[in-house]
Amino acid sequence: MSASTGIALLGATGSIGETAQRVVARHPDRFRFVALTANGNRDGLQAAADRWAPGFVGLVEPGTAPLPAGWHAGAAALVDAAQHPEAAVVLNAVVGAAGLEATLAGVRAGKRVALANKESLVVGGPLVQAAVRAPGGGAVIPVDSEHSALLQCLAGRIGGDGPGLLPVAGVRRMVVTASGGPFRTWEPARIAAATRADALNHPTWSMGRKITVDSASLANKALEVIEAHVLFGIPYDRIEVVVHPQSIVHSMVEFEDGSVIAQLGVPSMELPVLYALTYPDRLADSGVPTFDPVAASPLTFEPVRHDAFPTLGLGISAGRRGGAAPAVFNAANEAAVARFLAGDLAFGGIPAAIEAALAHHGDRPGDDLASLLAADAAARALVSEFR
Ligand code: NAD
Ligand code: MG
């Protein structure tokens, strides 16, 4: 038996998946990949499999070409990888609601789920909470940089198993920072007509396409507010979003006595990925460039322009509404972003389509996985027809 921690990496070929491979490559004595999955990128998955020789390889959409011997196909491969007996950690770096079932499977199998796939918590927050609290349930440790920052600000107040997805004592407010994206200073009419190239031109982060578009519309920040609510059990009226264009302050926690603790650093996902693997410990690492406060200055903060970014308010009100509304918000956003990226919907059509989906399906029940998946499918169908 190796002493290293076995990791199942879901979404190995993506931006976070590649970051995770770089992090693990620096710590071969501490971590190894025991399972790898990808959606359709066969060559990328093959390269990762050749590099790490995991026991399990899963390609969700294999197409028609025959699979290499021993590979697994279909969405079930995500769940199987998340339950892999040699994995202590499931690093869920899948994009979209497609990651939810694997998150649930990993938690139910008692794993630490290092969660980049924020959509899991948006779509199925109460289900994931119940799985964490159930006997033998595992933990969810956030990879998202803002939530990693919040967790680091709360260090010592949360047990080593990670957030119990219950209210954390002594917290008055959480302040989630947002870069503001490429349209931070644009007028609303110009944003509504923005092109794909405009939206993919993120000022501070290099990421997958869907989250990059979400960062331009601030849908990403809506997903993150819901994520913070689910992870830390904090009511929506005590979560604030502030625009911070430099992306140096990754988020802040204000305590009951008025003290505010922030986590700072150069924008890089290497630290949040590593911290989700080592929490509550830290591991010496060279992934983040040295922070120079003078070079990083000035650090500035601005209010959100809700008139220019209606998607943020739509998402937060869906979170407050509960039931299937957050799942509808998420699915409508995924479908609208896919249409925008395909050149089939204007940027301004994204909030419009989400609003229509919430108006039609926001009151659906969301008590179990089946009803959430039905709401997700209904929202996608509506957005596919949206004009
Ligand atoms: P990406 O598009 O670069 O990669 C997504 C990965 O998931 C790929 O490996 C792809 O093959 C796989 N995948 C896509 N659709 C799938 C499906 N239906 N079933 C199974 N696998 C599928 O995305 P990313 O930027 O790495 O983001 C991944 C997740 O991490 C997202 O939830 C995103 O919001 C979150 N996140 C990303 C960053 C970042 O810096 N990229 C930061 C914070 C949070
Ligand atoms: Mg984030």
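Rule-based calculations on the coordinates, nothing more; no lab input. Quick caveat, the model's predicted, so the values are computed rather than measured. Using ideal geometry, Cβ is built from the backbone for each residue, glycine included, and neighbour counts are taken over all protein chains shown.
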Total formal charge among the other residues, if their Cβ is under 12 angstrom from that of M174, Lys/Arg +1 and Asp/Glu -1: -3
Between A308, A76, A102, which gets the highest mean-square fluctuation from a Gaussian network model of the chain, Cα cutoff 10 Å? A76
With springs connecting C-alpha atoms under 10 Å apart, model the chain as a Gaussian network and identify which of S286, S148, S268 has the largest mean-square fluctuation. S286
Can you list residues whose amide H is under 5 Å from Q263's amide H, if they're 5+ apart or on another chain and H is modeled 1.01 Å from N? H250, S251
Collect residues whose amide H, placed 1.01 Å from N in the peptide plane, falls under 5 Å from the amide H of R173; neighbours closer than 5 in sequence don't count. E254
For G44, net neighbour charge (Lys/Arg +1, Asp/Glu -1) across residues whose Cβ lies under 12 Å away: -1
Region 1-141, Rg to Rh (Cα coordinates; Rh as Kirkwood inverse mean 1/r): 0.95
Give the dimensionless ratio obtained when the Cα radius of gyration of region 274-387 is divided by 2.2 N^0.38 Å. 1.44
Please compute, over every Cα-Cα pair in the chain, the percentage with a separation greater than 37 angstrom. 15 percent
Can you compute 3J(HN,Hα) from phi for each residue in region 341-353, using the Karplus curve 6.51 cos²θ - 1.76 cosθ + 1.60 with θ = phi - 60°, rounded to whole Hz and x for Gly and Pro? 5, 7, x, 10, 8, 5, 4, x, x, 5, x, 5, 5
Let me have the relative contact order for the chain, percent, based on Cα pairs under 8 Å that are six or more residues apart. 14 percent
How do V230, V90, V122 line up, fewest other C-beta atoms within 10 Å first? V230, V122, V90
For region 207-214, what does the Karplus curve 6.51 cos²θ - 1.76 cosθ + 1.60, with θ = phi - 60°, yield as ³J(HN,Hα) per residue in whole Hz, taken in order and with x for Gly and Pro? 9, x, 5, 5, 5, 5, 5, 4
Report ³J(HN,Hα) in whole Hz for each residue of region 145-157, in order, from the Karplus equation J = 6.51 cos²θ - 1.76 cosθ + 1.60 where θ = phi - 60°; Gly and Pro get x. 4, 5, 7, 4, 4, 4, 4, 5, 5, 9, 3, x, 9
Out of the GluC sites (Glu not before Pro) in region 204-275, which ones are loop residues according to DSSP with at most 10 other C-beta atoms within 10 Å? E256
